[in-house]
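The values are calculated or read from the model by the stated rules, or taken from the named source; none is laboratory data. Keep in mind that what you see is a predicted model, and the values were worked out from it rather than measured. Positions of Cβ are generated from backbone atoms using ideal geometry, with glycine treated the same way; all protein chains shown enter the neighbour counts.
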Amino acid sequence: MAVYAIGDLQGCYGCLRRLLDKLNFDPGQDCLWLTGDLVNRGPDSLHTLRFIKDLGKSAITVLGNHDLHLLAVAAGVVPIRRKDTLTAILKAPDRDELLHWLRFQPLLHHDKKLRFTLVHAGLSPQWKPKQARLAAKEVHTALRGKHYRSFLRNMYGDTPDLWSEDLKGAERLRYITNCLTRMRCCDRKGRLDLSYKGPLAKKDRRLLPWFRVPGRANKKLRIVFGHWSTLGPVTDDNIYPLDSGCVWGGYLTALRLDSRRPVRRVSRCNMAQRPKATG
């Protein structure tokens, strides 16, 4: 059995199928890990969502910010945006089934045997591994509950920007959600900066990528993540970024996790959109 982690799909169904063919992926034996953002901005979010759902136990996905946005739009708590490519899902005959499945996906997955942790964006520098798993479970529980529309309505916003165990209610859930699905940079104390979306070379010197914050409490975890399409290559220990800008004309990247040394494979995406700093 092979286990592959694949970066942000964002509706690029054709590119995904080409990459799986290149990998000789067999859903009867192999497993996919997806870094989230299955949908939006790309040309075929509907078929992408159906395909991943139909893989059943052969696919493990965490939720990204675009997946949560789809759920919020479908729940009627925010309007659809001009650049969204979600209409086909919202009008699909199996819409309710797809959205119900998506709403029940986690925001963090940890495999003790493989010793990898999967998230969309990152982990708060203050969280120890167990804290991270418990925090993600809090949001997962809210999203599965009968008051999930209230969570979706309150998840938008950039504050609070620093973790405290004293955070409660909507603010606590918003901070956790922002770390797991939107975070790229922090200051040296671990305070979130959610505005910067560009490459490392051009960021403000006062900011650090979340995984380089001094004293990061989860540094021993091997973390697979997406979200940061402009990040570029990094060589930090235990850090495996997989969003290589597929939807912006870049590549879709797969990482084999069950080999002694994780091996990358890529497939060029034929999207017409230009690569740019975006989420």
One residue from N154, N218 being in contact (Cβ under 8 Å) with a residue 60 or more places away in the chain and either touching a helix residue (DSSP H, G or I) at 6+ places or on another chain (Cβ under 6 Å) or hydrophobic (A, V, I, L, M, F, W, C) (or both): N218
Some residue of segment 203-213 being part of a loop (DSSP other than H, G, I, E, B), among the hydrophobic types (A, V, I, L, M, F, W, C) and surrounded by fewer than 17 Cβ atoms within 10 Å (Cβ to Cβ): no
Odd one out for A170 among (1) surrounded by fewer than 17 Cβ atoms within 10 Å (Cβ to Cβ); (2) modelled with pLDDT of 95 or more; (3) part of a loop (DSSP other than H, G, I, E, B): (3)
From the options F116, F104, residue that is surrounded by fewer than 20 Cβ atoms within 10 Å (Cβ to Cβ) and of a type in the set (F, W, Y): F104
Those residues of segment 50-79 which are under 22 Å from T117 (Cα atoms) and either part of a loop (DSSP other than H, G, I, E, B) or hydrophobic (A, V, I, L, M, F, W, C) (or both), in sequence order: I52, L55, A59, I60, V62, L63, G64, L68
Residue selected from segment 41-64 under the condition within 15 Å of the chain's Cα centre (by Cα) and surrounded by fewer than 24 Cβ atoms within 10 Å (Cβ to Cβ), by the criterion modelled with the lowest pLDDT: R41
Unique residue being within 28 Å of N218 (Cα to Cα) and either modelled with pLDDT of 95 or more or crowded, with 20+ Cβ neighbours inside 10 Å (or both) when the list is A74, A135: A135
Selection from segment 23-40 of residues that are surrounded by fewer than 24 Cβ atoms within 10 Å (Cβ to Cβ) and either of a type in the set (D, E) or modelled with pLDDT under 95 (or both): D26, D30
Test: residue in segment 148-162 that is β-branched (V, I, T), on the phi < 0 side of the Ramachandran plot and surrounded by 14 or more Cβ atoms within 10 Å (Cβ to Cβ): no
